[in-house]
2 protein chains.
Amino acid sequence: MDNNTNTNGMLGVLGGMGPMAGAAFAMRLAALTPADRDQEHIPTLLLNDPRIPDRSTARVAGGEDPLPYMKSGIEFLNASGARLIAIPCNTAHLWYDQLAAASRCPVLHIVESVVQDLKRQGIARGRIGLMGTTATLALGLYQQTLEQHGYECVLPEADEVESLCMQSIRAVKANRLDDALAPAVQCVRRLQTRGADAVALGCTELPLAIPHAVRPGLGIVLTDSIDALALAAIERYRS
Amino acid sequence: MDNNTNTNGMLGVLGGMGPMAGAAFAMRLAALTPADRDQEHIPTLLLNDPRIPDRSTARVAGGEDPLPYMKSGIEFLNASGARLIAIPCNTAHLWYDQLAAASRCPVLHIVESVVQDLKRQGIARGRIGLMGTTATLALGLYQQTLEQHGYECVLPEADEVESLCMQSIRAVKANRLDDALAPAVQCVRRLQTRGADAVALGCTELPLAIPHAVRPGLGIVLTDSIDALALAAIERYRS
């Protein structure tokens, strides 16, 4: 039987960055898909490879280059018959152009998915607080796109990126979800105090740090980069 | 670059039955793995293919045979370099012998994983209440193995399989998680009333119906076939 029988036409997911974020993407994809039975869901091939070298370390501390690993993953998903690819890792999008160029099928961009999600939630203009890894924030992954769409950006201070965002992200990656909530919520509140109309959880560990059930109590619109990417994947896959 | 560079030596997961159960398996695998950073997690390839024909319908109502689809998935995971395979669907294990025979690498058995989990939780003997699909319960997937290990089985009545187990399972498959809890909990309570010392959530939708946070309040040991399979995968992969 052809090796690709099962996988032709699937949504390919380059995950593992981190592994819980990759799995959470697959879970939210299922949860957000309008479906009455298994067979109405989107067939998905998730390459959840946590061996890919750390993206932040590579960009801000001269760590091993993750690009060859990520390109190999994109090539595997293409060879397996993916017709659309999602990458549930914001920092990985610092290499988006190279990854999209390595793919024969379209690759969704997580920042564009977040912008779509802001508009979906009725935030068409205003100040967007940004949370993410040191590399994502320092290298401006979100800022340029948001400004092109007419938003202003509100960033955490450098020490807050480390003591709030990165502390929360590292706790998720180490499976200490209980330790991840408080610093993430504190960062949301500080960005809100500085005038943010909405806050982007611009690292795929952050939606795991702040569970959906907690969010209505925060009193500010959050855009969740996992959910935003899943909604973009559903819309694009079905169009 | 070799197509299999990323996937050699991975844990292969034949999922999609249903898709949320496949994704939840990947999520619980990450959550239950002792790890301080991404790179310590288990590399996983999840083929989450919800197009596989319904397993219960095939066994109890003459629906399309899912075996060729499942075998093709097993072959894809092998060809991609999987060194161990997990199938987070109990009903699919009615075809376990054929699937294991189609695989060059070992395939974990979900019922054996549940027995290991009962022992891990201190239940070495006694009466085990069984919940699952009509096909799983009617064809005795769990009963023989549990009895070989010295357990007695307590089953729901035929009408309860339909009105409690299947109703809950179908609600999960249709993304109506809120509707899935009450019938599942009612089934647990009835099995407990009939003398069960523990209850096996023997369908991978059922752990999604009864969230972890709810379980301590039920006052009976539950064994969760998703968590049991994830723990078995971690133990076997690392040995």
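The values are calculated or read from the model by the stated rules, or taken from the named source; none is laboratory data. Because the structure is predicted, anything quoted here is derived from the model rather than measured. Cβ placement follows ideal geometry from the backbone for every residue including glycine, while neighbour counts extend to all protein chains displayed. For accessibility, only protein heavy atoms count, side chains too; no ligands or nucleic acids. Shrake-Rupley method; radii C 1.70, N 1.55, O 1.52, S 1.80 Å.
Return yes or no: is B:Ile226 open to solvent by less than 10 Å² (accessible area, probe 1.4 Å) and within 17 Å of B:Tyr142 (Cα to Cα)?
Yes, satisfied.
Among the listed residues A:Ala79, A:Ala58, A:Ala101, which satisfies the condition of being open to solvent by less than 30 Å² (accessible area, probe 1.4 Å), assigned by TED's automatic domain parsing to the domain that holds A:Met10 and not polar (S, T, N, Q)?
The unique qualifying residue is A:Ala58.
In this structure, is B:Tyr237 aromatic (Phe, Trp, Tyr), within 18 Å of B:Gly22 (Cβ to Cβ) and crowded, with 18+ Cβ neighbours inside 10 Å?
When the stated conditions are applied, B:Tyr237 passes them.
With the condition kept exactly as written, say whether any residue in the stretch A:21-29 is more than 7 Å from every other protein chain (Cβ to nearest Cβ) and surrounded by fewer than 21 Cβ atoms within 10 Å (Cβ to Cβ).
Among the residues of the stretch A:21-29, not one is more than 7 Å from every other protein chain (Cβ to nearest Cβ) and surrounded by fewer than 21 Cβ atoms within 10 Å (Cβ to Cβ), which makes the answer no.
Would you be able to tell me the number of residues in the stretch B:208-223 that are surrounded by fewer than 22 Cβ atoms within 10 Å (Cβ to Cβ) and within 18 Å of the chain's Cα centre (by Cα)?
Counting residues in the stretch B:208-223 that are surrounded by fewer than 22 Cβ atoms within 10 Å (Cβ to Cβ) and within 18 Å of the chain's Cα centre (by Cα) gives 4.
Out of (1) within 14 Å of chain B (Cβ to nearest Cβ); (2) under 24 Å from A:Gly219 (Cβ atoms), the odd one out for A:Thr133 is which?
(2)
Identify, from the list B:Pro106, B:Pro53, the residue that is out of contact with any Ser or Thr (no Cβ under 9 Å at 6 or more places or on another chain), within 11 Å of chain A (Cβ to nearest Cβ) and of a type outside the set (Lys, Arg).
B:Pro53
From B:Tyr151, B:Tyr142, which residue is farther than 30 Å from B:Leu77 by Cα, of a type in the set (Ser, Thr, Tyr) and either surrounded by 17 or more Cβ atoms within 10 Å (Cβ to Cβ) or in contact (Cβ under 8 Å) with a residue 40 or more places away in the chain (or both)?
B:Tyr151
So, A:Thr33, is that one within 8 Å of chain B (Cβ to nearest Cβ), among the β-branched types (Val, Ile, Thr) and farther than 15 Å from A:Ile85 by Cα or not?
For A:Thr33, the condition - within 8 Å of chain B (Cβ to nearest Cβ), among the β-branched types (Val, Ile, Thr) and farther than 15 Å from A:Ile85 by Cα - is met.
Determine whether the stretch A:189-206 contains at least one residue that is more than 22 Å from A:Leu146 (Cα to Cα), in the same structural domain as A:Gln143 (by TED's automatic domain parsing) and modelled with pLDDT of 95 or more.
no
Give A:Leu146, A:Leu130, A:Leu137 a once-over and let me know the one that is in contact with a Gly (Cβ under 7 Å, 6 or more places away or on another chain) and in the same structural domain as A:Gln192 (by TED's automatic domain parsing).
Testing whether each residue is in contact with a Gly (Cβ under 7 Å, 6 or more places away or on another chain) and in the same structural domain as A:Gln192 (by TED's automatic domain parsing) leaves just A:Leu130.
Could you list, in sequence order, the residues of the stretch B:104-116 that are open to solvent by 10 Å² or more (accessible area, probe 1.4 Å), farther than 13 Å from B:Leu45 by Cβ and in contact (Cβ under 8 Å) with a residue 40 or more places away in the chain?
Answer for the stretch B:104-116, where residues must be open to solvent by 10 Å² or more (accessible area, probe 1.4 Å), farther than 13 Å from B:Leu45 by Cβ and in contact (Cβ under 8 Å) with a residue 40 or more places away in the chain: B:Pro106, B:Leu108, B:Glu112, B:Gln116.
Looking at B:Pro53, B:Pro43, B:Pro68 in this structure, which one is without any contact (Cβ under 8 Å) to a residue 40 or more places away in the chain, surrounded by fewer than 24 Cβ atoms within 10 Å (Cβ to Cβ), within 20 Å of B:Ser239 (Cα to Cα) and not acidic (Asp, Glu)?
B:Pro43
Of everything in the stretch A:154-179, what is over 20 Å from B:His41 (Cα atoms) and in contact (Cβ under 8 Å) with a residue 40 or more places away in the chain? Give them in sequence order.
Once the filter is applied, which keeps residues that are over 20 Å from B:His41 (Cα atoms) and in contact (Cβ under 8 Å) with a residue 40 or more places away in the chain, the stretch A:154-179 yields A:Val154, A:Cys165.
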